[in-house]
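Notes for the one structure printed next.
Rule-based calculations on the coordinates, nothing more; no lab input. Small disclaimer: the values here were computed from a predicted structure and weren't measured. Cβ placement follows ideal geometry from the backbone for every residue including glycine, while neighbour counts extend to all protein chains displayed.
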Amino acid sequence: MINIKIDNTERSVEEGQTILEVCRNLDIEIPHFCYHPGLSIAGNCRMCLVEVKGMPKLMTACSTLVQKDMEVLTDSDLVKEARRGVLEFILLDHPVDCPICDKSGECDLQDYNFDYGIDKRRSIFPKERHKVEKVSEKIYKNDNRCVLCTRCIRFLDEVTETHELTTVDRGAHTHITCVDPEGLDNNPFASNISDICPVGALGLNEFRFQKRVWLTDHVRTICQGCEAGCNLNVDLHTRQTALDPNLGPVVRFISANNYSMRRFFICDEGRYSYSNYNKTEERLLHPELDGETVTTEEAGSFLKEALSSKSAGAVVLSPLVSVEENYAAILLAEKMGYDLFRPSPYRKDLPEPALFIEKVKAPNHNMMKLLEIPKVTDMETSDYDVVLVLHSIGSIRDNSLVKILSLLKRAKYSIVFEVERSEFSENTKLALPAPMFLEEDGCFINSGKRIQRSTGGLGYPESVQPLWKWLFGKDFSGPESLLRKFSKEKLGIELDYDKIGQEGVEL
């Protein structure tokens, strides 16, 4: 650690960091366009200029390493004037079309323009204009809004190493062009360039003109596509307005930075999976007994009868379901003396490039492995009178599917807890409606043994309620109490949602 001064305040910081990284960790805002924590340093936008005492000119915070006894001013009059000058040059050819730009409300240029008050244009030359291009089936490009930060180019050069974008022409005529549109469509990470674009120059065709971001609620959650545990910011459509009656509750998934994992991007498969959570045709919204809709009380009576039968039982956990829901089932099995099993999750061949995509298509598969839950296909007998199966949106292997269906058909009391109707609920006595992951808080353990929190923002619909409520009623105050009990008894540590935080805890 070394001591430096930032805005006349003594700070103890780690050596080897840049001024921008230090200030980000200290919640001191330094405006920037070209810097991104997952990409190389470019230093070409000049927005992050700061004053360093003893230096003859302003320095770029993104590329200047902190040194012992350094004194940095991030908000001096000289710095503000320099940033205003940079913004004025950036806005020379910018259309300032915020009212029709999809980035409006989350645009860095828009925010900085308000902060530094660039409200006049002194240039007498006409603005250069380019046509808006649909450069691929996924992405459109509007060069008029581009600030030439080159984040998109560096992402495709350094992260995916596929090189679909480059700059052409020189000077004030420089702009970005796509040299391989087919490559962008085939690139499983291409849509990240929309997320990392600080302005509205690159966007997704699917989201264009769909929704204003300030009309959505935002939650941070975990991608359910595989066991990589990538972080997502989710925009939820919770306000029923006449302007967008055709939108589902989930508007879009975008990437969320996780500095602890050094993970800043998501794959396109995970990004576009948001549509899975807008389907209502197969959603199980009420308990069903023998295929007929029943009340919560009637379902509870059947459940009580099954658990009081004192018969041999089996619980099949799910790698698609949160730690808390699975642990509620584990507690039931331990209380009743039931056997515990897990299915084998669906696996999929990896694309090229794969980067951090995992073959196992289940977000909580590692919980099953950590607890050493035996596979349902290794079951020695199928003679159980009580069978409880957990399931969610996703797939398991065919051999596990066949085994679970056999269990359900043979059991006197068969109970399935799932989000959508499937072969399980079609072959069970009692089907209980389960919340999907965006409707409740929950945790998932990824392939790197990091437990992370997913936040639900939609709330439970109609007769849907969590498993612990079906099984234990008021014995638990909520999912966090289950997490505390699980972490203490199964992991040997004490965790709660605050300790897990936004970036998770490595186990």
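Some observations on this one:
- Translational diffusion coefficient (Stokes-Einstein; Kirkwood radius from C-alpha pairs) of the range 396-507 at 10 °C, 1.306 mPa s, in µm²/s: 99
- Of the trypsin sites (Lys or Arg not before Pro) in the range 103-171, the ones in a loop by DSSP (not H, G, I, E or B) with at most 16 other beta carbons within 10 Å are K120, R121, R122, K127, R129, K131, K134, R170.
- 29 Å Cα-Cα reach of K120 towards lysines, excluding residues that sit fewer than 8 places from it in its own chain: K57, K80, K103, K131, K141
- Using the Karplus relation 6.51 cos²θ - 1.76 cosθ + 1.60 with θ = phi - 60°, the per-residue 3J(HN,Hα) values for the range 340-356 come to 10, 9, 9, x, 8, x, 5, 10, 9, 4, 7, x, 10, x, 9, 6, 9 Hz, with x marking Gly and Pro.
- The chain: angle of helix 77-90 to the longest principal axis, Cα-based, in degrees nearest 10: 80
- Neighbourhood net charge (14 Å Cβ-Cβ; Lys/Arg +1, Asp/Glu -1) for E158: 0
- Extension reserve of the D349-L65 stretch, reckoned as 0.36 nm per residue once the Cα distance is removed: 98.0 nm
- Per the Cα gyration tensor, the range 447-507 maps to an equivalent ellipsoid with semi-axes of 23, 16, 9 Å, ordered largest to smallest.
- With Cα atoms, 0 to 90° folded angle of helix 323-336 axis to the chain main axis: 20
- Restraint check, K412/K490; K211/K348; K335/K369; K304/K412; K127/K211, Cα-Cα greater than 25 Å: K412/K490; K211/K348; K127/K211
- Qualifying GluC sites (Glu not before Pro) in the range 368-473, where qualification requires a DSSP coil assignment and no more than 13 other C-beta atoms within 10 Å, comprise E372, E380, E462.
- Taking amide H as placed 1.01 Å from N in the peptide plane, the amide H of V416 sits under 5 Å from that of V389, L430, A431, L432, each at least 5 places away or on another chain.
- Equivalent ellipsoid semi-axes - Cα gyration tensor, the range 34-132, angstrom: 29, 16, 13
- Diffusion of the range 288-506 by Stokes-Einstein, at 10 °C in a medium of 1.306 mPa s and with Rh set to the Kirkwood radius over alpha-carbon pairs, works out to 90 µm²/s.
- Per-q log10 I(q)/I(0), the range 164-285, q = 0.23 Å⁻¹ (Debye; single scatterer per alpha-carbon; no solvent): -1.44
- Note on the range 241-324: Cα convex hull, mean projected area over all directions, 10.3 nm².
- Long-range amide H partners of D339 with built H, under 5 Å: G313, A314, V315
- Between 0 and 90°, nearest 10: helix 296-307 axis offset from the chain longest Cα axis: 60
- Shape summary of the chain, radius of gyration then Dmax from alpha carbon positions: 26.5, 87 Å.
- Cleavage-rule hits (GluC sites (Glu not before Pro)) in the range 213-303: DSSP loop, at most 16 neighbouring Cβ within 10 angstrom: E281, E282
- Across the alpha-carbon set of the range 2-90, the Rg to Rh ratio works out to 0.94, Rh being the Kirkwood radius.
- If you take all other residues with their beta carbon under 14 Å from the beta carbon of T74, and give Lys and Arg +1 and Asp and Glu -1, the sum is -4.
- The chain, helix-only ellipticity at 222 nm - DSSP H runs n ≥ 4, -39,500 (n - 2.57), divided by all residues, nearest 500: -6000 deg cm²/dmol
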